[in-house]
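**Student:** Sharing a structure with you now.
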Amino acid sequence: MQQRSPTLEGFRTIFRRPSFGFAEIAWRWSFGAATGVLLAFSFFEYLDTLPVSNGDLVLLRTRQPILISRAMLDIFHGSSFRLCEAVAVLALALGIAWVVIASLGRAATVSALVTHFRDSDAAASLQHDGQRWRLPSVFALNVFRLGAALAAIVGCLAAVLLGAASSRPSQPSPGSAFLIALTVIMLVWVAWSIVNWFLSLAAIFVVAHGQDTFSSMAAVVDLCQTRPGSVFAAATWFGLAHITAFVVASSAIGFPLGFAAVLPSAAVLGGVLLLTLLYLAIADFIYIGRLAAYVAMVELPESPAVLSGLGPAPENAGRPTDRTSLGETRVDPSELILSDVPL
C-alpha cells in the first residue's frame with residue numbers, strides 16, 4: 001500500500017474541498033466583524049462622555065498645534081479611569097465570546113475534516129455521536145489559549161519596561177533599550193507560538209477520539225514523538241506558503257499606494273483594504289490546509305511497508321522473527337528435491 005503524505009493531503013484538501021476554507025473564514029470573519037463594530041461603538045460612546053467647553057472649541061478652531069494640544073489635555077483630563085473601565089469590560093466580553101465561538105467553530109471544522117478522512121461507517125458514527133465532541137474540553141483548551149495570549153501581552157509590556165529601565169536619564173542608551181525590548185519580545189512571541197500551536201493541535205484529539213483536555217495534550221506529545229518527520233514537514237511547507245502569501249500581498253499593496261498622488265484617497269484605501277482581505281482569506285485557507293494535514297496524520301495509518309522497515313513490532317520484541325511472515329519462503333532440508341528422486 002502506498003504511503004499517503006499528510007502534507008500533500010492537506011494541500012489536496014484545500015484545493016478539492018474549498019468549503020472547509022470558506023467555513024473557517026465564516027466563523028473567523030464573523031467574530032472579527034462583530035469585534036470591530038463593538039470597538040467602534042465603544043469608542044464613540046467614550047467620546048460622548050468627554051466634556052467639551054466653548055473655550056476648548058475656540059482653541060480647536062485656531063488650528064495651532066500648541067493650542068490644540070492644550071484643548072485636548074483639558075478634554076481628556078480625568079477620563080483615564082473611564083477608559084480603563086471600558087477596556088476591562090471589552091476585554092472580558094470579547095475573551096468570553098472568543099472562547100465560545102472559537103470552540104464551536106473549531107469543533108465543527110475538525111469534525112468535518114475527520115469525516116472527510118474516515119470511511120463512511122466511522123464518519124456516520126462520528127456524526128451521530130454528538131458527545132464525542134466533548135465541548136467542555138474544547139472550551140478548556142481555548143481558555144488556556146486565551147491565558148497564553150494574555151501572558152504574552154504582559155510579557156511584551158514587561159519587555160518594554162525592562163528596556164526603558166536599562167536606559168537611565170543620567171546615562172541614556174536608546175539603542176540598548178530597543179535591543180533588549182526587541183529580544184525579549186521575540187522570545188515571548190516564540191514561546192506563545194509554540195504553546196498556541198500545541199493547544200490548537202490538541203483539539204483534534206478531543207473531537208476525533210473523544211479525549212479530555214489533558215489526555216489530548218498527552219496525545220499531541222505522542223504524535224510529535226512517533227511522527228516527527230510528518231509534523232515538521234507539514235509545519236515547514238505550510239509555513240513557507242504563508243510567508244510567500246505575505247510577501248506577495250505586501251508587494252501588491254505597494255501598487256495602490258504608488259498611485260496615492262493621482263487617485264482619490266478613497267480608491268487607494270479601498271485597494272489596500274481589498275488586498276488585505278484577500279491575504280487574510282488565503283491565510284485562512286492555508287491554516288485549514290495545515291489542520292487537515294494534522295488530521296490526516298491522526299486518521300490515516302502509516303504504510304505497512306514503512307512499518308516493516310522499523311523492525312519487529314513491539315509485541316514481538318524479544319522473539320525470533322519468522323521470515324515467512326515477511327513474505328519470504330523457507331526451504332525444508334528434509335524435503336526431497338528433483339535431483340534426489342531416483343529415476
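Here, each number is a calculation from the coordinates, and none is a lab measurement. Since this is a predicted model, take the numbers as computed values, not measurements.
**Student:** Counting C-alpha atoms alone, how compact is the range 1-69: give Rg to one decimal and Dmax as a whole number, in angstrom.
**Tutor:** Taking only Cα atoms of the range 1-69, I get Rg and Dmax of 26.0, 83 Å.
**Student:** Please work out the Kirkwood hydrodynamic radius for the range 32-77, using every pair of different C-alpha atoms, and report it in angstroms with one decimal place.
**Tutor:** Working: mean 1/r = 0.0838 Å⁻¹.
The answer is 11.9 Å.
**Student:** Please report the base-10 log of the normalised intensity I(q)/I(0) for the range 6-301, using a Debye sum with one equal scatterer per alpha carbon and no solvent, at each q in 0.13 (1/Å).
**Tutor:** These q points yield log10 I(q)/I(0) values of -1.14.
**Student:** What three numbers, in Å, describe the spread of the alpha carbons of the range 19-168 along their principal axes, ordered from the longest?
**Tutor:** 75, 39, 23
**Student:** Using only Cα atoms, locate the centre of the range 233-294 and the centre of the range 129-201, then give the distance between them in Å, rounded to an integer.
**Tutor:** 25
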